[in-house]
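The values are calculated or read from the model by the stated rules, or taken from the named source; none is laboratory data. Just so it is clear, the structure is predicted and the values come from calculations on it, not from any experiment. No Cβ is skipped: glycine too gets one built from the backbone with ideal geometry, and neighbour counts run over all protein chains shown.
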Amino acid sequence: MELKAGVFVSSESTDDWEMDTEVGGEVHVLCDADGVHAGLSRILQTPEQPISFKSEKRETIIILEGSVRIEIAGGATLDLKQGDMASLPKGAETLWRVTAPFKEMWVLA
């Protein structure tokens with residue numbers, strides 16, 4: 001929610017979720033302003049197939065619940081769990097193997 005021009009506030013326990021086929025689950029967008037896109041994603045059931053994702057901006061994440069293995073094409077494999085943070089470069093081609101329930105906070109900038 002935008003309280004005042006450029007000031008956005010929400011909660012990790014929000015009930016305001018939208019389906020997003022790109023992430024294979026639901027998202028809650030905190031803000032989309034000044035070249036920054038930030039919010040939460042959650043996946044309630046472990047997907048049968050890995051989720052393919054290529055970010056148009058640098059992506060920084062913190063895992064709030066569950067775990068994920070992120071395979072970066074031509075690069076590292078990250079095994080992340082609750083409390084872990086990572087930052088991936090713009091254009092990174094990734095495969096996400098999520099263990100649900102899963103929730104992350106993300107910033108694309």
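Residues that are polar (S, T, N, Q) and either modelled with pLDDT under 95 or within 14 Å of the chain's Cα centre (by Cα) (or both) are absent from segment 68-78.
Across segment 72-99, what is the total count of residues that are under 13 Å from Pro50 (Cα atoms) and surrounded by fewer than 16 Cβ atoms within 10 Å (Cβ to Cβ)? Count: 4. Counting only strands (runs of 3 or more DSSP E) wholly contained in segment 1-98, the ones carrying 1 or more residues that are touching a Cys at 6+ places or on another chain (Cβ under 8 Å) and over 18 Å from Ala109 (Cα atoms) occupy 2-4. Of all residues in segment 42-57, those that are of a type in the set (Val, Ile, Thr) have Cβ atoms under 9 Å from Cβ atoms of residues that are surrounded by fewer than 16 Cβ atoms within 10 Å (Cβ to Cβ) and part of a loop (DSSP other than H, G, I, E, B), 6 or more apart or on another chain, in Ile51/Glu22.
If the condition is being on the phi < 0 side of the Ramachandran plot and either touching a residue at least 40 places away in the same chain (Cβ under 8 Å) or more than 12 Å from the chain's Cα centre (by Cα) (or both), then segment 79-91 contributes Asp79, Leu80, Lys81, Gln82, Asp84, Pro89, Lys90.
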